[in-house]
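Remarks on the structure that follows.
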Amino acid sequence: MINRGYYGKFGGAFMPEILTATVDELVKAFEAAKNDPSFWKEYMYIMSTYSCRPTPITFAENLTRHFGGARIYIKREDLNHTGAHKVNNVMGQGLLVKRMGKTRVIAETGAGQHGVATATMAAKYGFKCTIYMGEVDVARQRPNVFWMERLGAEVVPVRKGTRILKDAINEAFRDWVTSMDDTHYVLGTACGPHPFPEMVSYFQSIIGKEARRQILEQKGKLPVRVYACVGGGSNAMGIFSGFFNDPVELVGVEAGGKGLDSGRHAARLASKKGSVGVAQGYKTYFLQDSDGQMKETYSVAAGLDYVGVSPILASLREEGRIRFEATTDREVLDAFSLTIEKEGLVPALESAHAFAQAFKEISDLSKDDIVLINQSGRGDKDIFTIADAFADQNWRKFIKKKAEEYRA
Amino acid sequence: MLETYLRKRLEKKNILLMTHIVLGYPSFEDCFRIIQAMVAAGVDLMELQIPFSEPIADGSVILHANQKALANGVTIQGCLDFVQKVTHAFDIPFLIMSYYNIFFRYGVRDFVSAMSQRGLQGAIIPDLPPEEGKDYFNAMREHKLAPIFIYSPTTPDQRMKYIASFARGFIYCVARKGVTGKTTSFSGALTKYLARCRKATNLPLALGFGVKEKADIDYLEGKADIAVVGTQTIRIMENEGIASVGDFILNLR
Ligand SMILES: Cc1ncc(COP(=O)(O)O)c(C=O)c1O
């Protein structure tokens, strides 16, 4: 392997020897695709006819008036087929799977959005599909489990470790080291061994390319700030990469959970608790103890509840190019309510982190300024969590009635 | 030097036996008794696994042992203290097996130095390919410890030679795809693979993953220099108790 995918001191490829040949093959297929103009054309064709690209940007007029600061624009990744940005990456990798002649795909999922996107791609391209999902996430994102199964995927609940996203990634790797002859591992975020961080960011860069063009077309100027939530970092890499060469402040928002002092969060870059380590095939900031054992993370949003973070983002933070912040569950639920009430938009709890941070800062900006928020996905999957958070009595009655029907 | 020891041993035995335990599982006291039984039963060398929260190359049995050990509060310092006792008490080579983050977090140079001070002879790190291992094998060379590297059936000939150029002691040949603890078929494909390994290096060859009974080891005689028994001893211990481990090892040869 020649290029081992380093970004400053982060990244690399720390994998069992058995996977080296497979990953080398993937690097080759990806490089060939990147250099083949027909590949991107095919990708764009799929994304504009099967998903909903280009997704629009929406002017949030009521929220703008409410805060009285900068003008708020929202990039609508929730309007993608399957309801999140995850499909951008998945369809790209799906085309690579076809090129490599493999017949089965596996994936990890936290929020279930990446799992649903992968199951969808597998249905369309005729691949067998297995999705690994932590048992905790299976319970809190049950609607997505239902759809993955309807789409023909096998969903394997992971009962090992902390039973969330990182543990699902470990299990997917354990599958892959056995099955790589016919199986591709569709990693869902800009993490893991090279070439995944680069490859996932490459497919997600479509978000930033479009957003930059759209805001310039509509407003004739760039935003002063761009906000994105950061789980593994794929939607953030996607939208930020459109603005790397511009005088635009980029703000990555991590899960503050119950607060940074509570120890119950997933703020690897925004808190002082993260430290550099090597796990899941790459080097980055992890939430780990002094022995190097990974800690349990926590967030109301399953998709942000992850112990590591993209090595590309870790490097950009060290360079000072991206600012990282964290918002708490409480702030996120408030931002979610305000957004649904004022704009009729339903952000995923992950995406609502970006909204919450923007709302905290927006009044400081001038009315002439523009901020752009990436709505990475829609919140339908969070129906149970949100119903509980707001103690929705009508919903509760309905669920009870439904349960009685099933019991009968 | 580890290789010299192995070669000497191989003058008397057709194949050597390396066993594996997870430190602190089920407890350090039990680990000590298991090592005692293994050494008495004629094990030639042992790998001592420092538990890690994300053991990506391990199957469910060893994974469970890692998690149990950590849940019991096993620390690196605890492992190093224990290892010190073990290398004093027993006269066979001991190696550390763990994942790279354990070394990295401690500081690679400091960790290697700590291994050396405690009389360890080498280390196996399944998630550290030679490309990422510069600090590690420099430190290992300085302390005259053996960095054991891994071959797999998917490793091309050219890469086997490349890997061998960093390795000392022996090469750990993984028998098949997959994680530890699954079944291996001891058949023609394995023979061919081991012949390929043999051609790529002059170092002794260890064969691990799925070795669990006498027939497997008989099969490996003349094809590999060391048979590695990992998961199976943990299974025996869990199912039949620590007292059965010694007999199990005795019956392997
Ligand atoms: C809607 C949504 N946004 C964001 C994320 C976080 O992932 P990433 O940081 O890779 O964008 C997820 C992950 O599941 C998600 O479903």
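Within chain A, which is the longest segment that contains none of the trypsin sites (Lys or Arg not before Pro) sitting in a DSSP loop with at most 10 other Cβ atoms within 10 Å? Working shown, then result.
Numbers: sites that count: A:272, A:367.
For trypsin sites (Lys or Arg not before Pro) (loop position, at most 10 other Cβ atoms within 10 Å), the longest site-free span of chain A is A:1-271.
Can you work out the accessible area per residue across the range A:129-281, with the rest of the protein chains kept in place, probe 1.4 Å, in square angstrom?
Working: 4760 Å² over 153 residues.
Ligands and nucleic acids excluded, the result is 31 Å² per residue.
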Dipole magnitude of the range B:2-252 about its Cα centre, charges +1 at Lys/Arg Cβ and -1 at Asp/Glu Cβ only, in debye to the nearest 20? 760 debye
Taking the dipole of the range A:5-106 about the Cα centre (Lys, Arg +1; Asp, Glu -1; charges at Cβ), the one of A:69, A:15, A:79 that reaches farthest to the positive side is A:69
How big is the gap, in Å, between the Cα center of the range B:196-253 and the Cα center of the range A:297-354? 49 Å
Placed amide H near residue A:279: partners under 5 Å, 5+ positions off or other chain: A:284
For the range B:28-56 and the range A:159-231, what is the separation of their C-alpha centers, rounded to whole Å? 40 Å
Given backbone amide H placed at 1.01 Å from N, residues whose amide H is under 5 Å from that of residue A:158, ignoring those fewer than 5 places away on the same chain, are A:133, A:134, A:135
As an exercise, find the ratio Rg/Rh for the range A:336-408 from alpha-carbon atoms, using the Kirkwood inverse-distance average for Rh. 1.16
Sequence-distant residues sharing a close amide H with residue B:146 (under 5 Å, placed H): B:122, B:123
Between the range B:1-26 and the range A:133-147, what is the C-alpha centre distance in whole Å? 46 Å
May I ask for the net charge around residue A:361, where only other residues with Cβ less than 9 Å from the Cβ of residue A:361 are counted and Lys, Arg are +1 while Asp, Glu are -1? 0
For the range B:120-253, what is the charge dipole size about the Cα centre, in debye to the nearest 20, if Lys and Arg each add +1 at the Cβ and Asp and Glu each add -1 at the Cβ? 520 debye
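Do any GluC sites (Glu not before Pro) in the range B:1-68 lie in a DSSP loop with no more than 11 other beta carbon atoms within 10 Å, and if so, which?
none
Assuming a ≥ b ≥ c are the square roots of the Cα gyration tensor eigenvalues, decide whether the range B:102-253 counts as rounded (a/c under 1.5), prolate (otherwise, with a/b larger than b/c) or oblate.
Here the range B:102-253 falls in the oblate category.
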Loop only by DSSP, 15 or fewer other Cβ within 10 Å of the Cβ. Give me the GluC sites (Glu not before Pro) in the range A:309-408 that pass, ordered by residue number. A:319
Cα shape, the protein assembly as shown, gyration tensor, a/c 1.5 rule: prolate
Phi angles of the range A:360-365, converted by Karplus (6.51 cos²θ - 1.76 cosθ + 1.60, θ = phi - 60°) into ³J(HN,Hα) in whole Hz with x for Gly and Pro, give 5, 10, 6, 5, 6, 8
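How large is the helix-only mean residue ellipticity at 222 nm for chain A, computed as the sum of -39500 (n - 2.57) over DSSP H runs with n ≥ 4, divided by its residue count, in deg cm²/dmol to the nearest 500? Provide the component values of the computation, followed by the final result.
Numbers: 15 runs with 182 residues, N = 408.
Dividing the helical sum by the residues of chain A leaves -14000 deg cm²/dmol.
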GNM of chain A, Cα pairs under 10 angstrom: of A:303, A:110, A:12, the biggest fluctuation goes to A:12
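The range B:1-31: which trypsin sites (Lys or Arg not before Pro) are DSSP loop and have at most 14 other beta-carbon atoms within 10 angstrom?
Details: sites: B:7, B:8, B:9, B:12, B:13; in loops: B:13.
Listed in order of number, the matching sites are B:13.
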Helical contribution to [θ] at 222 nm, DSSP H n ≥ 4, -39,500 (n - 2.57), averaged over chain B, rounded to 500: -14000 deg cm²/dmol
Phi-based couplings in Hz for the range B:238-253 (Karplus 6.51, -1.76, 1.60; Gly and Pro marked x): 5, 8, 10, x, 4, 4, 7, 4, x, 4, 4, 5, 4, 7, 6, 10
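If Lys and Arg each add +1 and Asp and Glu each add -1, what is the summed charge of the other residues whose beta carbon sits under 14 Å from the beta carbon of residue A:91? The partial results should precede the final answer.
Details: positive: A:41, A:53, A:86, A:98, A:99, A:124; negative: A:42, A:77.
Every neighbour counted, the sum reads +4.
Please give the total accessible area that chains A and B bury against each other, computed with a 1.4 Å probe and expressed in Å² to the nearest 100. List each step's numbers first, then the result.
Numbers: alone 16110 and 11200 Å², together 24330 Å².
Chains A and B together bury approximately 3000 Å².
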Binning every alpha carbon pair distance of the range B:19-61 at 10 Å from zero, what are the percents per bin? 25, 51, 22, 1
Suppose every K and R has +1 on its Cβ and every D and E has -1 on its Cβ; what is the size of the dipole of chain A about the Cα centre, in Debye to the nearest 20? 460 debye
Would you mind classifying the range A:229-386 by shape? Square roots of the alpha carbon gyration tensor eigenvalues, ordered a ≥ b ≥ c; an a/c under 1.5 is rounded, otherwise it is prolate if a/b is larger than b/c and oblate if not. oblate
Accessible-area composition of the protein assembly as shown, carbon plus sulfur, in percent [1.4 Å probe]: 51 percent
Using only Cα positions of the range A:4-161, each an equal point scatterer, no hydration layer, compute I(q)/I(0) via Debye at q = 0.11, 0.12, 0.18 Å⁻¹ and quote the log10 values to two decimals. -0.58, -0.68, -1.19
Determine ³J(HN,Hα), in whole Hz, for all residues of the range A:376-383 in sequence, where each value follows from phi through the Karplus function 6.51 cos²θ - 1.76 cosθ + 1.60 and θ = phi - 60°; x replaces Gly and Pro. 5, x, 9, x, 3, 4, 8, 3
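Can you give the % of DSSP beta bridges in the protein assembly as shown that are antiparallel, to the nearest 5? Don't skip to the end; give the middle numbers.
Numbers: 15 of 79 bridges.
Antiparallel bridges: around 20 percent, rounded to the nearest 5.
Sort A:6, B:99, A:125 from largest to smallest accessible area, using a 1.4 Å probe on the heavy atoms of the protein chains. The partial results should precede the final answer.
On the way: A:6 95, B:99 0, A:125 35 Å².
Largest to smallest exposure gives the sequence A:6, A:125, B:99.
The values are calculated or read from the model by the stated rules, or taken from the named source; none is laboratory data. A quick note: this is a predicted structure, and the numbers were derived from the prediction, not measured. All Cβ positions, even for glycine, are placed from backbone atoms using ideal geometry, and neighbour counts span all protein chains on display. The area values use the complete protein model at the heavy-atom level, side chains included, leaving out ligands, DNA and RNA. Shrake-Rupley method; radii C 1.70, N 1.55, O 1.52, S 1.80 Å.
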